[in-house]
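Notes to accompany the following structure.
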Amino acid sequence: MPLDPELAALLDAAPPFDPALLRTTPVAKYRAVMKQGILAIGPSPEVVASVVDTTMQGPGGALPLRIYTPQHTEPLGMAVFFHGSGFVICDLDTHDHECRVLANGAGVIVVSVDYRLAPEHKFPAAIDDAYAALEWAVANAAHLGGDASRVAVVGDSAGGNLAAVVAQLARDAGGPAIAFQLLVYPVTDLRADTPSYTENATGYGLSAEAMHWYIEQYVRGADDVLDPRASPLLAASLTDLPRGFVAVCECDPLRDEGKQYAHRMRDAGVDVTLRRYDGAIHGVFQMSRFTAIGRRMLDDCVDALRPAIGTDLSRSA
């Protein structure tokens, strides 16, 4: 399939970027530039009933959270959201729009987690924060107006990795119970050696070289790459995981590992929907306000989340 025309135009208009600059640019500067580009789109037009910034005591200290609540009849299902980041960039602000749409569209409380980033905080800091945030959300569900029996984990890219790993950890620990997992082009195998890494190495935004750099920032060494808490595809078993929805993009280095994870879950008896977006690139989840294919992906995520844990707000108004 050819590249989506709107995405092709965006890539053509973008200034050239040499991934080798990642190795010479200070991480703080790179984060600031990436965030500035995302926020340049402007504030989200999606209005929810409330947005509350708070903190919890996490494994590494105060862990910021942002809680989105739609107009609702209590209690609501809850989605614990982990933003994409390459484990290095982005924060609560960069994924504000997507959280608002998920909250309103699916009729759920969204708890967005500002987990610790690499390279300052190497693996397993992010996953420790992610699991602690899940436990906090479940423990505080009643206070938030949520239903602890209807909890999903949601994430894109590196956030999809955290959501997948949290689902495995919760299964192995006997809880908290997770009803659904929504994984958008998730990182599932830090070995980064699938055919899509070669096929989509350059020319589609996220390059293979940049992804290798992100992984280097996250892990402490080669052993971490093979740890299922970093590479959930390498888990011995994917049985008894919550049902889910996995989205992958055709023109993305991460395409194949997302497909492999969905196929392994399906082979293990997990009810999972795999959806491939032909002509799409990594990052399209955050492009819903200015591309049709981005809107379709975000709408599909809403449509997957609503029947799993959500509320039909048109009936509860």
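The values are calculated or read from the model by the stated rules, or taken from the named source; none is laboratory data. Remember, it's a predicted structure, so these values are computed and weren't measured experimentally. Quick reminder, even Gly has a Cβ in these numbers, built from the backbone with ideal geometry, and neighbours come from all protein chains shown.
Taken over the stretch 257-273, the criterion of being surrounded by 15 or more Cβ atoms within 10 Å (Cβ to Cβ) and in contact with a Ser or Thr (Cβ under 6 Å, 6 or more places away or on another chain) is satisfied by GLU257, TYR261. Filtering ASP189, ASP147, ASP193, ASP172 for residues that are more than 19 Å from the chain's Cα centre (by Cα), under 27 Å from ARG220 (Cβ atoms) and not in a helix (DSSP H, G or I) leaves a single hit, ASP193. Tell me whether the stretch 237-255 contains one or more residues that are buried (at least 18 other Cβ atoms within 10 Å of the Cβ), polar (S, T, N, Q) and not in a helix (DSSP H, G or I). No - not one qualifying residue is present in the stretch 237-255. Regarding the stretch 206-213, can at least one residue be identified that is assigned to a loop (DSSP other than H, G, I, E, B) and either without any contact (Cβ under 8 Å) to a residue 60 or more places away in the chain or farther than 21 Å from SER85 by Cβ (or both)? No: zero hits. Applying the condition of being assigned to a helix (DSSP H, G or I) and in contact (Cβ under 8 Å) with a residue 40 or more places away in the chain to the stretch 217-236 and asking which residue is surrounded by the fewest Cβ atoms within 10 Å (Cβ to Cβ) yields LEU234.
Only one of the numbered conditions (1) farther than 14 Å from GLN286 by Cβ; (2) among the hydroxyl-bearing types (Ser, Thr, Tyr); (3) over 17 Å from the mean Cα position of the chain (by Cα) is violated by SER44, and that is (1).
On inspection, GLY310 qualifies as in contact with a strand residue (DSSP E or B) (Cβ under 6 Å, 6 or more places away or on another chain) and modelled with pLDDT under 95. Contact annotation: residue pairs with Cβ atoms under 6 Å, 6 or more positions apart or on different chains, pairing a residue in the stretch 72-85 that is in contact (Cβ under 8 Å) with a residue 24 or more places away in the chain with a partner that is among the hydroxyl-bearing types (Ser, Thr, Tyr) and part of a strand (DSSP E or B), are PHE81/SER112. So which of ALA152, ALA164, ALA142 is in a helix (DSSP H, G or I), on the phi < 0 side of the Ramachandran plot, hydrophobic (A, V, I, L, M, F, W, C) and touching a helix residue (DSSP H, G or I) at 6+ places or on another chain (Cβ under 6 Å)? The conditions single out ALA164.
Table: residues versus (1) touching a Gly at 6+ places or on another chain (Cβ under 7 Å); (2) modelled with pLDDT under 95; (3) among the hydrophobic types (A, V, I, L, M, F, W, C).
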residue	(1), (2), (3)
TYR115	no, no, no
LEU134	no, no, yes
ALA137	no, no, yes
ASP147	yes, no, no
ARG150	yes, no, no
ALA163	yes, no, yes
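Checking GLY77, GLY84, GLY60 one by one, the residue that is modelled with pLDDT of 95 or more and loosely packed, with under 15 Cβ neighbours inside 10 Å is GLY60 and no other. Might you let me know whether the stretch 281-294 holds any residue that is farther than 14 Å from THR188 by Cα, assigned to a helix (DSSP H, G or I) and either out of contact with any helix residue (DSSP H, G or I) (no Cβ under 8 Å at 6 or more places or on another chain) or charged (D, E, K, R) (or both)? No, the conditions are met nowhere in the stretch 281-294. Scanning the stretch 58-99 for residues that are in contact with a Ser or Thr (Cβ under 8 Å, 6 or more places away or on another chain), farther than 28 Å from MET211 by Cβ and outside any loop (DSSP other than H, G, I, E, B) yields ALA62, ILE67, TYR68, THR69, LEU76, GLY77.
In this structure, is ILE109 in a helix (DSSP H, G or I), surrounded by 14 or more Cβ atoms within 10 Å (Cβ to Cβ), touching a residue at least 40 places away in the same chain (Cβ under 8 Å) and in contact with a helix residue (DSSP H, G or I) (Cβ under 8 Å, 6 or more places away or on another chain)? No: the conditions fail for ILE109. Being surrounded by fewer than 21 Cβ atoms within 10 Å (Cβ to Cβ), under 23 Å from ALA106 (Cβ atoms) and hydrophobic (A, V, I, L, M, F, W, C) is true for just one of ALA170, ALA179. Which residue is that? Just a single option satisfies the conditions, and that option is ALA179.
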